[in-house]
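What follows is a set of notes on a single structure, which appears directly below.
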Amino acid sequence: MKQLTINSRGRETTQFEVMKYLKSKGLSLPESVIQFFVNQNPKDIEECYFETNDKEYTLDCFYPFDRSSELSFQSSYENLRDFLKDRYLSFACDPGGWQFVISVQGHDHGKVYFCRMDQELESAVILVADSFEDLINNLSKPPY
């Protein structure tokens, strides 16, 4: 997976910490996401832009695995759990507060979606990457 240019990050974490948290919540994430938290754990990055299906997306910030951070992976799970119905986990947002989520259940486990927060969940998610690693590898610096 691509190493991002990180402007700010969450505290260092271990695979054990991430796995313990996921187990306590009954959640499962692809190994690439766990390794992303362990090896990079960013909040703010330079490569925040990507295109897919003729649409442009910008990641405003990642939610680091860091409970001490106001915006964290853990707090996004707690805050969005009811809306995302335990089918998706949010790991980043765009400048308008809409979410980038990863599927944690069913046939699309591990796929990444853009999630509008102004619609019902079923019509709010748009597939943007077949895997978390594909998303990270396709991030680039914005053209503007």
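Nothing in this text is a laboratory measurement; each read-out follows from the coordinates by a stated rule. This structure is a prediction, so every number in the text was calculated from the model and none was measured. Backbone-built Cβ (ideal geometry, glycine too); neighbour counts: all protein chains shown.
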Over the chain, what is the relative contact order in percent, taking alpha-carbon pairs closer than 8 angstrom and at least six residues apart? 22 percent
If packing is taken as the mean number of other Cβ atoms within 10 Å per residue, what is the order of 138-144, 64-70, highest first? 64-70, 138-144
Please give the Cα centre distance for the range 1-41 versus the range 47-73, rounded to the nearest Å. 14 Å
Charge sum, other residues only, whose C-beta stays under 12 Å from K111's C-beta, Lys/Arg counted +1 and Asp/Glu -1: -3
Cβ-placed point charges (K, R +1; D, E -1), dipole of the chain about Cα centre in debye, nearest 20: 500 debye
Relative contact order for the range 13-76, counting Cα pairs under 8 Å that sit 6 or more residues apart, in percent: 25 percent
Honestly the chain on the Cα gyration tensor test (a ≥ b ≥ c root eigenvalues; a/c under 1.5 rounded, otherwise a/b vs b/c for prolate or oblate) is just rounded
